[in-house]
Amino acid sequence: IEVSGTTAVDEESNVIGLDSPFEQTVYILKKIEESLIKLGATLNNVIRTRIFVCNINQWEEIGKAHSMFFSNIKPATTMVEVNRLIDPRLLVEIEVSAII
């Protein structure tokens with residue numbers, strides 16, 4: 001399963017966790033988890049995460065949120081700083097790969 005770039009935007013196009021990379025990361029990973037469950041997988045099936053961030057100096061907050069979901073799973077993880085995301089209010093975008 002490939003989950004493409006996921007951001008902290010809800011069904012009504014509201015950005016969740018404005019100015020908080022931690023809150024955005026938590027929201028994104030919950031959203032990804034829900035998608036995986038709908039496809040018959042769980043976070044335990046995730047083998048890789050790719051995290052795109054606008055400010056690499058916020059890596060600790062993002063990493064803390066990531067470890068809340070993956071501390072026992074430990075997928076291969078990459079974090080890359082990018083110039084910007086599609087909406088300037090977005091601080092984090094995450095992709096995952098999972099195998100069932």
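List the pairs whose first member sits in segment 51-74 and is free of Cβ contacts under 8 Å to residues at least 24 places away in the same chain, whose second member is open to solvent by less than 50 Å² (accessible area, probe 1.4 Å), and whose Cβ atoms are under 9 Å apart, counting only residues at least 6 apart or on separate chains?
W59/P21; W59/I51; W59/V53; G63/T25; G63/I51
Among the residues of segment 42-79 satisfying the criterion of being part of a strand (DSSP E or B) and touching a helix residue (DSSP H, G or I) at 6+ places or on another chain (Cβ under 8 Å), which is surrounded by the most Cβ atoms within 10 Å (Cβ to Cβ)?
My answer is V46.
Among residues belonging to segment 29-52 that are under 10 Å from the mean Cα position of the chain (by Cα) and of a type in the set (A, V, I, L, M, F, W, C), point out the one that is nearest to L90 (Cα to Cα).
Here the answer is F52.
The values are calculated or read from the model by the stated rules, or taken from the named source; none is laboratory data. Everything numeric in this text was worked out from a predicted model, so none of it was measured. Please note: Cβ atoms are built from the backbone with ideal geometry, for glycine as well, and neighbour counts cover all protein chains shown. In case anyone asks, the SASA skips ligands and DNA or RNA and just uses the protein heavy atoms, side chains included. Shrake-Rupley method; radii C 1.70, N 1.55, O 1.52, S 1.80 Å.
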